[in-house]
Amino acid sequence: MVFISKRKGFLLFQLAILVGAGFMLVALQGSPDAKFAEDGQLLRPEGYREWVYVGTPLTPNDMNNGKAAFPEFHNVYINPKAYKVWKESGVFPEGTILVKELVSVGSKAAVSGAGYFMGDFIGLEATVKSKKHFPGEPNNWAYFSFGKLPNLSAQAKAQATTDCASCHKASAADDMVFTQYYPVLRAAKAH
Ligand code: HEC
């Protein structure tokens, strides 16, 4: 009797380990990499607010004759796996995804003074580095726009190279990424 319950206990223990390993596998597979639809479009990244935040450029309308291309705050995040490699080697690896979350300029006054304060989430863009998916793009980066609320799309096709990549290639500091505006990435590389 005692022997059987011990044995059962051991089996339960083994089962627990298997279930645990299963969860870990799911967690790893569900880690925040670029995910593509069958037709090759990029699925709108989710959970990116739990990635590594790298910086927030802002090109407000009132400093751009009222017509900035992106008048919102641009909160930029990188997937943790890529951040780790960047930190260790200073290279953006296959599968790097940078998300640019657009947040409106809300109030321009706070108790702390006049300024630009974040309003609401309004849109999303992203760039993915993948030799496998984008062998013909400059440095294998492809660029995506998911539009703005209320018409945020669930997936997006890669933009034409001349629409996005060309400017990034011409002016970004490091492998087409604007690290000159991302203190977190600069600090990690210098580390
Ligand atoms: C005229 C130059 C220019 C063009 C064209 C351009 N970008 Fe950018 N992009 C920038 C600059 C500058 C930044 C960083 C500062 C900022 O966000 O204002 C940036 C940042 C980004 C980032 C954050 C990651 C990074 O690489 O720094 C994403 C994602 C992005 N752009 C997507 C796009 C997409 C999608 C398009 C095409 C629809 C596009 N960009 C076209 C200049 C450009």
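The values are calculated or read from the model by the stated rules, or taken from the named source; none is laboratory data. All figures in this text were calculated on a predicted structure; none of them were measured in a lab. Cβ: placed from backbone, ideal geometry, glycine included. Neighbour counts: every protein chain shown.
Numbers at a glance
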| quantity | calculated |
| --- | --- |
| Matching entry among PHE121, PHE144 (being crowded, with 18+ Cβ neighbours inside 10 Å and either out of contact with any Phe, Trp or Tyr (no Cβ under 8 Å at 6 or more places or on another chain) or assigned to a loop (DSSP other than H, G, I, E, B) (or both)) | PHE144 |
| Tally of residues being within 13 Å of the chain's Cα centre (by Cα), over 21 Å from ALA158 (Cβ atoms) and not β-branched (Val, Ile, Thr) across the stretch 52-80 | 4 |
| Some residue of the stretch 100-116 being among the aliphatic types (A, V, I, L, M) and within 10 Å of the ligand (Cβ to nearest atom) | yes |
| Out of LYS100, LYS67, LYS131, sole residue that is modelled with pLDDT of 95 or more and in contact with a strand residue (DSSP E or B) (Cβ under 9 Å, 6 or more places away or on another chain) | LYS100 |
| Flag for LYS84 being farther than 18 Å from TYR181 by Cα, out of contact with any Ser or Thr (no Cβ under 8 Å at 6 or more places or on another chain), surrounded by 13 or more Cβ atoms within 10 Å (Cβ to Cβ) and free of Cβ contacts under 8 Å to residues at least 24 places away in the same chain | yes |
| Inter-residue pairs, beta-carbon under 8 Å, first in the same structural domain as TYR53 (by TED's automatic domain parsing) and in the stretch 66-78, second of a type in the set (Phe, Trp, Tyr) and not in a loop (DSSP other than H, G, I, E, B), 6+ apart | ASN75/TYR53; VAL76/TYR53; TYR77/TYR48; TYR77/TYR53; ILE78/TRP86 |
| Residue among SER171, SER145, SER153, SER166 that is assigned by TED's automatic domain parsing to the domain that holds LEU124, on the phi < 0 side of the Ramachandran plot and more than 8 Å from the ligand (Cβ to nearest atom) | SER153 |
| Selection count where residues are more than 17 Å from the chain's Cα centre (by Cα), small (Gly, Ala, Ser) and surrounded by 13 or more Cβ atoms within 10 Å (Cβ to Cβ), scope the stretch 173-191 | 1 |
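Residue-by-condition table, conditions (1) within 23 Å of THR59 (Cα to Cα); (2) outside the structural domain of GLU50 (by TED's automatic domain parsing); (3) in contact with a helix residue (DSSP H, G or I) (Cβ under 9 Å, 6 or more places away or on another chain); (4) not aliphatic (A, V, I, L, M):
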{"position": "TRP86", "(1), (2), (3), (4)": "no, no, yes, yes"}
{"position": "GLY95", "(1), (2), (3), (4)": "no, no, yes, yes"}
{"position": "VAL99", "(1), (2), (3), (4)": "yes, no, yes, no"}
{"position": "GLY123", "(1), (2), (3), (4)": "yes, no, no, yes"}
{"position": "LYS129", "(1), (2), (3), (4)": "no, no, yes, yes"}
{"position": "GLN180", "(1), (2), (3), (4)": "yes, no, yes, yes"}
{"position": "LEU185", "(1), (2), (3), (4)": "yes, no, yes, no"}
